[in-house]
Amino acid sequence: MSLSKNAPASLLVGGAILSTDGSSFGFPADGRKVLLRSGESVVFDAKRETFRATPPLDVWDHVIVFGTKESNPVAWHLLTSTASTRAATEPPKSSLYRALDRYLQPGTRGSEVADDAVEDTTWTLSAVRMRVEANSRFVKPRAAADAPIRSREETIKNYPNVPGR
């Protein structure tokens, strides 16, 4: 990912891959803070940050990338872990992290009493949808339903004496 050379401020960047099966993977995966200054780029390729597409086919997964001010870090590796794991660690003080953590808690509804500070910091979000599809080079046309069945006979030389039998 890259930050425009015309960006007015540096950004901490990180995000998550949200899979159709309910899995989520945060990056940076090791909890490091990645700061991009104007015109800089980063590739997330550390351990547990490289992904490969797998079946099922024709479902949509999402990659979301956030940019936050240095004063508003989010521990993406914790945010996408299980709720019980997140609860066992001391939560980061970032208001964006707290807002997203509340959103990801299991068993919660779409609304709640707002008795604490509201997430009012500035941040940016970029999102990309991905879909795994079959490579057409490997698709072979199926035989017609009325095509004749081609039978053939196989003979194994020295059948009774095949090793391992």
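The values are calculated or read from the model by the stated rules, or taken from the named source; none is laboratory data. Keep in mind the model is a prediction, meaning the values are calculated, not measured. Positions of Cβ are generated from backbone atoms using ideal geometry, with glycine treated the same way; all protein chains shown enter the neighbour counts.
Go through segment 121-152 and count every residue that is more than 30 Å from S10 (Cα to Cα), of a type in the set (A, V, I, L, M) and either loosely packed, with under 10 Cβ neighbours inside 10 Å or at pLDDT 70 or above (or both). Residues that pass the stated criteria total 7.
If you filter segment 39-50 down to residues that are surrounded by 11 or more Cβ atoms within 10 Å (Cβ to Cβ) and among the aliphatic types (A, V, I, L, M), you find that the one that is farthest from S19 (Cα to Cα) is V42. Going by what's in this entry, would R109 be described as assigned to a loop (DSSP other than H, G, I, E, B) and either at pLDDT 85 or above or more than 22 Å from the chain's Cα centre (by Cα) (or both)? Judged against the criteria, R109 is a match.
Taking the criterion of being modelled with pLDDT under 65, surrounded by fewer than 17 Cβ atoms within 10 Å (Cβ to Cβ) and not in a loop (DSSP other than H, G, I, E, B), the residues of segment 79-106 that qualify are A83, S84, T85, A87, A88, Y103. Annotation for segment 2-14: at least one member residue is touching a helix residue (DSSP H, G or I) at 6+ places or on another chain (Cβ under 9 Å), closer than 29 Å to V132 by Cβ and either crowded, with 17+ Cβ neighbours inside 10 Å or aromatic (F, W, Y) (or both). Is one or more of the residues making up segment 33-48 in contact with a strand residue (DSSP E or B) (Cβ under 9 Å, 6 or more places away or on another chain), within 21 Å of N135 (Cα to Cα) and touching a residue at least 24 places away in the same chain (Cβ under 8 Å)? Checked segment 33-48: no residue is in contact with a strand residue (DSSP E or B) (Cβ under 9 Å, 6 or more places away or on another chain), within 21 Å of N135 (Cα to Cα) and touching a residue at least 24 places away in the same chain (Cβ under 8 Å).
Within segment 51-78, the set of residues being more than 30 Å from N135 (Cβ to Cβ), surrounded by fewer than 17 Cβ atoms within 10 Å (Cβ to Cβ) and in contact with a Phe, Trp or Tyr (Cβ under 9 Å, 6 or more places away or on another chain) comprises just one member, K69.
Just so you know, in segment 20-33 the residues that are over 26 Å from A7 (Cα atoms) and part of a loop (DSSP other than H, G, I, E, B) include one that is modelled with the highest pLDDT, and it is D30.
Looking at segment 34-69 only, could you name the residues that are over 24 Å from W123 (Cα atoms) and outside any loop (DSSP other than H, G, I, E, B)? The one that is over 24 Å from W123 (Cα atoms) and outside any loop (DSSP other than H, G, I, E, B): W60.
With the structure loaded, tell me whether L36 is surrounded by 14 or more Cβ atoms within 10 Å (Cβ to Cβ) and modelled with pLDDT of 90 or more or whether it fails that test. Spelling it out, L36 is indeed surrounded by 14 or more Cβ atoms within 10 Å (Cβ to Cβ) and modelled with pLDDT of 90 or more.
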